[in-house]
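**Q** Below you will find the structure I want to go over with you.
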Amino acid sequence: MLKRLKSKSSGILTAADYKKVGFRIVYWIIFFILSVAVLTALTPVLWLFISSFKNAEELTATPYHLFPEAFNFNKLAEVWQMLNFWQYFLNTIIVVVGAVLCSVVFNGLLAYVFAIVKPKGYKIFYGLVMASYMIPALMSIVPLYKQIIDFGLINTYIPLWFMFGANAYYLIMFKNYFESLPKALFEAAEMDRCGKFKAFFKVVIPMSRPIIGVVAIFTMTAAWSDFLLPYLVLNDDSMMTVMVKIYNLQSTMGTVQGFGPDKLLMILTISILPQIVIFALFQKQITGSSAVGAVKE
Amino acid sequence: MKKEKLYDRSSVSYKAKRLFKRNWSGWLLMLPGLLLFLFFVWAPLAQNVILSFNETKGFESVGFNNFDNYIRVFNDPMFTKALANTFKYILWSIIIGFLVPIFLGLLLSEVVHFKPFFRLGIYFPSIVSGIAVVIMWSYLFDPNPGAVLNQLLTALGIPVSQFLSNPSLTIPLIVVTMTWRGAGGTVLVYLSALQNIDNSQYEAARMDGAGALSRVLHVTLPHIMPTIRMLFILQIISVFQVFYEPLVMTSGGPDGASISLLLLSYRYAFESFDAGASAATGVILAVIIIILTVIYLRISMPKKDKVSNKWRRYAEKVKK
Amino acid sequence: MKKWLCAAVAAIVGVVSLLSFGACGKGNGKIKVSIGMWPDPTLTKDVEMYQKWEEAFERDYPQYDIVGDRYEYSADTIMAKATSKQLPTVFQTYFTEPQKLIENGWVADITDQLNELGWLDKMDVDMRAAVSDSAGRCYGVPRDGYGMGLFLNCAMLYDVGVIDKDADGNYKLHDDEGNPLYPTTFDEIREVSERIVESYDNTYGLVILSANNNGGWQFTNMAWNFGCAAMQVRGADGKYKANLNDAGAVKALEWIQDMANDGLIYPDASLTYVDWYSKIGSKNVAMAFCGNDNIMMPVTTFNFNKDDIAFVPMPTGDGQSRYSLYGGTPFVFSSYATEEQIKGALLFLKYMGRSPETDEISVSAIEVGHQTAQAKAMPIIQTIRPWTNAEFLEIANRLDKQYTNVNPYYYADFFDSLEQMKRPEEPYYCQDMYKLLDNAIQNVLSNPGTANCKSLLDTANSQFQSNYLNKL
């Protein structure tokens, strides 16, 4: 165990420091704190998995038992089938993929114009974007919702996708990045009589993979957990995302016979399982791309 | 080029044509993005301001009513609570949601044993969808002394808690829930920022006799400062979007102890059918955000970090 | 990889748009009637029952196409549903809601159609008032009514010696003189709760709801029974005045406060409707207030033994006032639906056994309902029917008796006294009033040591007056 410490040559504390007992104690404290952190991260989900196999009456029965009387895996299959949960997953993936595409293309394109193309009058619009920098769109929920109704976009994914195309924060991230790209690149593209639109796809996009990764990951996380607008817009059960469906089940639980807290917890478990599979398959990409989010000095 | 000479360069139509010729492609490229901003941000914002000065029936305005909506909102005890809660949410999310990931990121960058395991473990909660997280935690926070967390507290010799039903714990616990889910992603961002630090600067600092704490303060923190700033803004933005967490966990209670302005605005519109009050709340929220943004920009005016430059110079010396 | 991803995205988008257009193009020239009370897909037996009704209906009326379009009414979704014109043709709500729905123009006037069918005169007068506007136009068809009462876990009450058992092992709710052994006053509820808390670990006497307007709903009944004449009183000028801080209401809230302080009620300040039967079902509490239409919930969801249930009248607080809050569920019809659609929806109610008709179809529909309940092992108890025509009542009561699977004695006192105890909900902005009361209750439950009941109700009262009643 200690060998590893001895070979640590980078970072704040190195092998040189670990020669002292004091720092070795500090190291094990660090190790301990991280272990607690991981435990805190994992146990609630573990608790959920275990508890979702309980009966409704076992769930809050006293005295408290951590484990159910029996692990009835039929319950998992039964609840899954009953609800056809795949549908809601598919819907969520459709929403997330659309949102990521919109977010990258529209924010990227506008940032490209603001940072590189700079047509006359762009400053007015840039100023407007900056002014609404930190104001979330949902603050004006009534007019926004009314607009969505008037455009006939209720019960469609269109507003959910395109809302991510108007995000000042992502836009500014793109803009800062584009401004840091070498100017010569765009001049060359211009020389090639490459149209501006073409230049965006041929020059800017390939050069911007790190920042696209960051915005994509941020958008993905945000869209995956987006709630208010999907809840208002997606009225039809067959259109609902996982978030909306779970909320729906939770809030109408009081009136649906036979659907108690135990089944709700099983639904939560079910909603997590595919995510774990996706995570296991793509963990490098997922954890790797959020690493790109670090802003370089 | 030759053709242009045929025109009078000073004529308005020539200028307009030139302006158009030079810029049309840029304008065209701007159009889709701007339309989206118009649809999702500016138009609703403008309509919201107008609506906030109007009497409403359903979602339609039926006439100007001056500051009536604002007066009604300010007289609502629930609004006062939501306003105060906003600052409580900010405070707690700075203490918990903002600082904890920095701390964990630092520790994670230093650990050498089981590092991949720690990294994955800490990130894991981020893959659970938000609503599942809040429902799960609201079951964990069951105030029955016989329920799971209270049993744990009892085992540890800590008195049992009412958790979310205790008004002074509600907001911190909601922030804990949000952090539990959100911290993992943030930690990874910090981790990669930390790994980007050039080791020679630590070496230089060490040569100069800087202790461990001074290395953190003078080398590590200045280097991850841009990341810290970015994530700070994201953190604050997320506070203003707090909505479904109190909705699911406490329905804004007990007695408004956890209601957020966004949730209140939603309630006015969709439960009390008072679009005017909802709009007024939205406008007030926007004003708060603008004030905070201005303050933030004032404070964080880019100042070159002198201290970190000092170490950089040392680093250069050492290399030589 | 990149190309593959693009292709995949394009494929998904394509399939989805095809699917959604495909769904739109289903129009087959039939009149579409969407049914909002269609059961949740998790309730397979109920879905089957609806499908049976649908089949029978579509056989007799081939011009109609019945579509399940489940909408669980809630005060915070109706605005979104209605303004976006997504309401199903017919959906169910509560008796507190029609006035608001009528005022906003979201529900259709069905007076003429009801007259044509001959149903209007057969409607229970109180229930008809709940779904009619001030001019007497009718906007809904009541499904059934409920009265609030006290749900008892007899096994626990017997354990702590509150009630008895007879020689056959049935619970005895009365002593030999016929006086009730179960709590009939709030003081007695307190005493029983104390015994429960003494005898069991982490178990409480009673659960008081406190969120999603359910707190105010229960509390209104409690306040009446503590002597509050009404939460809304008509002044000399004919205008309604808020009376939420009446002495009776304050007493009721103080009673809750004392119960909380002494650890006799469930210590959570954010309990919604699901919680009363959750806590009953997991035996965290022995008693709860609920409507007689929902007694089956602990059984169907928590496997609670139906033979351990007794349902008794609401207790009194001041020794004289004793009311049972009387509400119910009406079917209402979207104002965006065409006259023909509404006609179809009304006729479908007959196929569900929810009309005053007594022909074979109606009778068999009621029977199918009972059989489904039986198959689910639900307790089948008396229903408060909205129709008053003798031939219907005769058949309905006969079927209720025939299918009942509980000991009617456990419910007798409640149903016998309901006629004289029943009291409709307060007239205006009822749900909004409940919401304000929720806040007061939450405050008391979360700071039982320090909360000032009078000032909390004063706040709720002035809010209710200025924000709601002044709008009248």
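The values are calculated or read from the model by the stated rules, or taken from the named source; none is laboratory data. Keep in mind the model is a prediction, meaning the values are calculated, not measured. Please note: Cβ atoms are built from the backbone with ideal geometry, for glycine as well, and neighbour counts cover all protein chains shown.
**Q** With a cut-off of at least 3 residues that are in contact (Cβ under 8 Å) with a residue 40 or more places away in the chain, assigned by TED's automatic domain parsing to the domain that holds B:LEU107 and not aromatic (Phe, Trp, Tyr), name the helices (runs of 4 or more DSSP H) lying wholly within the stretch B:152-230.
**A** Hits in the stretch B:152-230: B:167-195, B:199-207.
**Q** Also, I was wondering about something else. Within the stretch A:16-26, is there a residue that is within 30 Å of A:THR269 (Cβ to Cβ) and at the interface with chain B (Cβ under 7 Å from one of its Cβ atoms)?
**A** Looking through the stretch A:16-26, none of the residues is within 30 Å of A:THR269 (Cβ to Cβ) and at the interface with chain B (Cβ under 7 Å from one of its Cβ atoms).
**Q** Based on this model, can you work out whether B:ILE197 counts as more than 8 Å from every other protein chain (Cβ to nearest Cβ) and surrounded by fewer than 20 Cβ atoms within 10 Å (Cβ to Cβ)?
**A** In short, yes.
**Q** When the residues of the stretch A:39-78 are filtered to those that are of a type in the set (A, V, I, L, M), assigned to a helix (DSSP H, G or I) and away from chain B (no Cβ under 14 Å), which remaining residue is farthest from B:GLY146 (Cα to Cα)?
**A** The selected residue is A:ALA77.
So that you can scan it fast, the table gives a plain yes or no per residue for (1) touching a His at 6+ places or on another chain (Cβ under 9 Å); (2) of a type in the set (Ser, Thr, Tyr); (3) assigned to a helix (DSSP H, G or I):
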residue: B:LYS21; (1), (2), (3): no, no, yes
residue: B:PHE40; (1), (2), (3): no, no, yes
residue: B:ASN48; (1), (2), (3): no, no, yes
residue: B:THR56; (1), (2), (3): no, yes, no
residue: B:TYR70; (1), (2), (3): no, yes, yes
residue: B:LEU83; (1), (2), (3): no, no, yes
residue: B:THR86; (1), (2), (3): no, yes, yes
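**Q** Among C:VAL125, C:VAL90, C:VAL131, which is the only one that is modelled with pLDDT of 95 or more and not assigned by TED's automatic domain parsing to the domain that holds C:ASN294?
**A** C:VAL90
**Q** Would you kindly identify the helices (runs of 4 or more DSSP H) lying entirely within the stretch A:104-193 that contain at least 1 residues that are in contact with a Phe, Trp or Tyr (Cβ under 8 Å, 6 or more places away or on another chain) and of a type in the set (A, V, I, L, M, F, W, C)?
**A** Because the criterion is at least 1 residues that are in contact with a Phe, Trp or Tyr (Cβ under 8 Å, 6 or more places away or on another chain) and of a type in the set (A, V, I, L, M, F, W, C), the helices (runs of 4 or more DSSP H) in the stretch A:104-193 that meet it are A:108-112, A:122-131, A:141-150, A:158-162, A:168-180.
**Q** Answer yes or no: is there a residue in the stretch A:262-280 that is in contact with a Phe, Trp or Tyr (Cβ under 8 Å, 6 or more places away or on another chain), surrounded by 19 or more Cβ atoms within 10 Å (Cβ to Cβ), at the interface with chain C (Cβ under 9 Å from one of its Cβ atoms) and part of a helix (DSSP H, G or I).
**A** no
**Q** Let me ask something else. Among C:THR96, C:THR83, C:THR89, C:THR111, which is closer than 19 Å to C:MET314 by Cβ and of a type in the set (S, T, N, Q)?
**A** Just a single option satisfies the conditions, and that option is C:THR96.
**Q** Right, another one. Somewhere in the stretch A:174-192, is a residue under 28 Å from B:ALA286 (Cβ atoms), surrounded by 22 or more Cβ atoms within 10 Å (Cβ to Cβ) and within 10 Å of another protein chain (Cβ to nearest Cβ)?
**A** No, the stretch A:174-192 contains no residue that is under 28 Å from B:ALA286 (Cβ atoms), surrounded by 22 or more Cβ atoms within 10 Å (Cβ to Cβ) and within 10 Å of another protein chain (Cβ to nearest Cβ).
**Q** If you don't mind, another one. Has the stretch C:324-338 got at least one residue that is assigned by TED's automatic domain parsing to the domain that holds C:ASP109, within 29 Å of C:LYS122 (Cα to Cα), surrounded by fewer than 19 Cβ atoms within 10 Å (Cβ to Cβ) and of a type outside the set (Val, Ile, Thr)?
**A** yes
**Q** Next question. For the stretch C:51-100, which positions are assigned to a helix (DSSP H, G or I) and under 24 Å from A:LEU153 (Cβ atoms)?
**A** Those that are assigned to a helix (DSSP H, G or I) and under 24 Å from A:LEU153 (Cβ atoms): C:ILE78, C:MET79, C:ALA80, C:LYS81, C:ALA82, C:THR83.
**Q** Out of all the residues in the stretch B:93-145, which are under 22 Å from the mean Cα position of the chain (by Cα), more than 9 Å from chain A (Cβ to nearest Cβ) and aromatic (Phe, Trp, Tyr)?
**A** The one that is under 22 Å from the mean Cα position of the chain (by Cα), more than 9 Å from chain A (Cβ to nearest Cβ) and aromatic (Phe, Trp, Tyr): B:PHE98.
**Q** With C:ASP293, C:ASP275, C:ASP318 as the choices, which residue is of a type in the set (Asp, Glu) and assigned to a loop (DSSP other than H, G, I, E, B)?
**A** None of the other options fit; the residue is C:ASP318.
**Q** For the stretch C:205-259, what are the residues that are among the β-branched types (Val, Ile, Thr), farther than 30 Å from C:CYS154 by Cα and out of contact with any strand residue (DSSP E or B) (no Cβ under 6 Å at 6 or more places or on another chain)?
**A** Of everything in the stretch C:205-259, just one residue is among the β-branched types (Val, Ile, Thr), farther than 30 Å from C:CYS154 by Cα and out of contact with any strand residue (DSSP E or B) (no Cβ under 6 Å at 6 or more places or on another chain), namely C:VAL250.
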